[in-house]
Ligand SMILES: [Zn+2]
């Protein structure tokens, strides 16, 4: 028996076929003796995020028995506001090239729905819009989700996808969504469009200094006193924020001729964080390279993506975790970021 409230949440966010698929997932969980929790089920699901957390909480126990707390995971908060987090068994080579995939015997895309279901047969995925949501098999924190497109299209983002993500955040405001570009995406898969979500507040969201560059329906600011280059776009209207973010990305990727050479050298890709706290917000991190030099020499093992750029430096290597000081962590973010002057030169064409 599905509580009325839950049914409403399901109905509001999906087409009829997917809504039915979601209903079956909930029914299955309700019927599962191991996880029947009448109190929780009859209790309040205030929004889509609560429902996703509920599904994931129960299904991860069945399908992907990983927890992200306790001895396995370790975390240190640094005085400069950044965080270093040790996450065991992180595979630094998840971003295989096509050839590497074949060499390893993977012929299918790991983010295609059929492949996900084949690799994790007990998994219950949850539909939302054009995405299916499933627990990330290599979670950074609890309730780390992947939102993968229903069709196999290459990783990219435009204002259309951003609006979808804002719509998701509207229904599941406790989540943050992040996007890793196809070139420098940390450990993300580049060949299938997807986003990821976390429920944790990330350091970049806190009160850093800001230089306001443009005030309007969607405003643009450069985050100050933060080790990475970070541009914040925010506003009350999701469409205005998505369109403005999209313009920022466009000038990075297709810069005007007079600055094109500098930009191509300096801005190779971006990572993006989408958040909603009152305003809709995007943080854009223009990137100049994938790895800091010290990582290339094996001195420490990090591969910065959106989460790292947002202030949580992840490593799967215990030695690296112990070694990283606040200075080193800040240096890594600085080193993989694009030059401030190039970023500002680009933004001048918008503001
Ligand atoms: Zn795919």
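All of the numbers you see were taken from the coordinates with simple rules; none came from a lab. Since the model is a prediction, treat every value here as computed from it, not as a measurement. Cβ atoms come from the backbone with ideal geometry, glycine included; neighbour counts cover every protein chain shown.
At-a-glance table
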{"item": "Under 13 Å from the residue 47 label point (7 Å along Cα→beta-carbon), backbone N, segment 264-293", "result": "275-281"}
{"item": "Fewest-first sequence of 239, 318, 191 by Cβ atoms within 10 Å of each Cβ", "result": "318, 239, 191"}
{"item": "Distance between modelled label sites at residue 206 and residue 170, nm, 7 Å Cα→Cβ extension", "result": "3.1 nm"}
{"item": "Acute angle (nearest 10 degrees) that the helix 48-62 long axis makes with the longest principal axis of the chain, alpha-carbon atoms", "result": "70 degrees"}
{"item": "The chain: angle of helix 16-31 to the longest principal axis, Cα-based, in degrees nearest 10", "result": "60 degrees"}
{"item": "Mean Cα-pair separation over length for segment 70-347, i.e. relative contact order, pairs under 8 Å, 6 or more apart, %", "result": "22 percent"}
{"item": "Calculated FRET value between residue 156 and residue 348, using beta carbons and R₀ = 35 Å, to 0.05", "result": "0.90"}
{"item": "Euclidean distance between Cα centres, segment 260-319 to segment 163-212, Å", "result": "12 Å"}
{"item": "The chain: antiparallel DSSP beta bridges as a percent of all, rounded to 5", "result": "90 percent"}
{"item": "Cα gyration tensor category, rounded, prolate or oblate, for segment 70-347 with a/c compared to 1.5", "result": "rounded"}
{"item": "Overall form of segment 124-202 per C-alpha gyration tensor (a/c, 1.5; a/b vs b/c)", "result": "rounded"}
{"item": "log₁₀ of I(q)/I(0) at q = 0.14, 0.19, 0.33 Å⁻¹ - segment 179-228, Debye sum with one point per alpha carbon", "result": "-0.59, -0.90, -1.12"}
{"item": "Extension gain, residue 236 back to residue 325 (0.36 nm per residue minus Cα-Cα distance, nm)", "result": "28.3 nm"}
{"item": "Kirkwood hydrodynamic radius of segment 248-306, from inverse mean 1/r over distinct Cα pairs, in Å", "result": "13.4 Å"}
{"item": "Alpha-carbon Rg/Rh ratio, for segment 214-351, with Rh computed the Kirkwood way", "result": "1.00"}
{"item": "Between helix 326-336 and the chain: long-axis angle, C-alpha atoms, 0 to 90°, nearest 10", "result": "80 degrees"}
{"item": "Residues 162, 253, 309, sorted so that the one with the fewest Cβ neighbours within 10 Å comes first", "result": "253, 162, 309"}
{"item": "Neighbour-count order for 58, 152, fewest beta carbons within 10 angstrom listed first", "result": "152, 58"}
